[in-house]
1. May I ask you to evaluate 6.51 cos²θ - 1.76 cosθ + 1.60, the Karplus curve with θ = phi - 60°, for each residue of the range 13-24 and list the ³J(HN,Hα) values in order in whole Hz, giving x for glycine and proline?
2. Would you kindly state how much longer the chain becomes between ARG21 and PHE192 on full extension, computed as 0.36 nm times their sequence separation minus their alpha carbon distance, in nm to one decimal?
3. In whole Hz, what ³J(HN,Hα) sequence does the range 76-91 give by Karplus (6.51, -1.76, 1.60; θ = phi - 60°), x for Gly and Pro?
4. Determine the gain in length on full extension of the stretch SER206-ALA67; use 0.36 nm per residue of separation and subtract their C-alpha separation, reporting nm with one decimal.
5. Hey, can you grab everything whose amide H is under 5 Å from the amide H of TRP234? Only 5+ residues off in sequence or another chain; H modelled, so Pro and N-termini drop out.
6. How far apart, in nm, are two points set 7 Å out from the Cα along the Cα-to-Cβ line at GLN301 and at ASP170?
7. What FRET efficiency, computed as 1/(1 + (r/R0)^6) with R0 = 51 Å and r the Cβ-Cβ distance, is obtained for LEU12 and THR244, rounded to the nearest 0.05?
8. Residue by residue, what Karplus-based ³J(HN,Hα) values in Hz, rounded to whole numbers, does the range 28-44 have, using 6.51, -1.76 and 1.60 with θ = phi - 60° and x for Gly and Pro?
Amino acid sequence: MANLEKRQLERLRYFPGQDLRVRDFREQAAVEAQLRWWHNRAEHGAYGVRFGLQAAPAPVPGGGAPAAVVVQPGLAYDAFGRELVLAREARVAAPALPATPGGGAASSGAAPRVLTLRYADLDPAAAAVPATEPCEGQAQTAGTAELAWRVEGCLRPADGVPLCRLAVQDGQLAWDPAFRQPLASPIVQPRFATGATLPGGTAWTSWTRSGADVPVPLGFQVWIDTRAAGFTRWPCYFAWLQGTLNGGLPPPVPLLEHVGSAFLTGFYFHVLTAWLPSPPSDLSVHGLAQAQAQALRLARQNLSVGWLGIESSAADRRPVPLSIEVSHGNL
């Protein structure tokens with residue numbers, strides 16, 4: 001259990017009266033950490049710098065090659081979904097280029113160096129083990145992560161998150177201002193939900209607009225209840241008609257669909273069908289009302305609504321009222 005296989009997680013079970021040791025709690029914490037890392041990796045694709053971790057060369061009197069790099073505290077996620085927490089500002093000495101056979105500095109063709117932030121074991125004894133890989137430089141631990149230099153040609157995604165790069169210029173390492181850190185996407189993804197009403201069971205009602213003397217019929221509408229989605233911010237709604245009218249025959253004019261007043265708990269779905277199933281000969285309010293009643297009967301038998309809601313990041317969105325100007329007796 002001490003060397004936990006990452007792909008075969010174990011769950012610890014306890015019994016009443018069992019004596020627990022420190023190792024038992026450590027193993028329980030290791031299992032929970034592995035599950036969290038798999039979740040971060042599989043569900044959120046959390047890789048890169050989340051916030052902080054700005055790197056800059058330490059000031060050098062008189063200019064010249066940087067002698068050290070200063071990294072600010074912050075949080076990142078590695079390729080395994082593990083949290084890389086740099087608890088305090090860290091100062092890392094710049095690596096030295098290997099000497100040439102003649103005893104001088106390395107040529108301009110030497111490989112650049114990349115400063116990486118990688119996961120560090122919380123066990124101080126494990127974190128103090130010196131590096132033995134030929135591509136790796138001295139590491140410095142601060143928090144749950146450590147900073148280490150890597151040769152750019154040896155850098156792999158499993159080595160950690162790159163923070164800065166030192167290029168080789170005139171036989172010396174120089175700060176590369178064009179380097180960009182990989183940024184992690186927000187760990188919280190937008191909330192979305194989908195649904196549909198039942199064919200033959202959609203509660204269509206008349207949709208009218210106030211006219212000069214009497215309401216002007218426009219078509220039919222239905223209230224879509226989205227309370228089960230649990231939206232906490234104003235969502236963006238998308239909706240569409242499902243089913244056909246007239247036994248599958250195309251309508252004489254297109255169906256004009258519209259999402260009306262939207263709220264956290266639902267929205268109105270309007271269908272502008274004042275002359276379905278056929279254009280009325282009388283375009284008066286009375287004639288439109290008769291056509292609307294006929295279309296409403298067909299809609300209750302055949303039409304349903306499918307919808308999609310995506311929670312917006314704008315917390316102060318307000319419902320926009322439907323605005324269609326209708327003159328008396330005409331559309």
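1. 10, 10, 10, x, x, 6, 7, 9, 10, 4, 4, 4
2. Gain in length upon complete extension: 57.1 nm.
3. 9, 10, 8, 5, 9, x, 7, 6, 10, 10, 9, 6, 8, 4, 10, 10
4. Residue separation times 0.36 nm, minus the Cα-Cα distance, leaves 42.4 nm.
5. Excluding prolines and chain starts, which carry no amide H, the hits are SER312, ARG317.
6. Placing both labels 7 Å along Cα→Cβ, they lie 8.8 nm apart.
7. Using R0 = 51 Å, I get an efficiency of 0.30.
8. Ordered by residue, 3J(HN,Hα) equals 5, 5, 5, 5, 5, 5, 4, 5, 5, 5, 5, 5, 4, 6, 7, 8, 10 Hz.
Where a number appears in this text, it was derived from the coordinates with a stated rule and is not lab data. All values derive from a computational prediction rather than experimental measurement. Note that each Cβ is placed from the backbone with ideal geometry, even for glycine, and that neighbours are counted across all protein chains shown.
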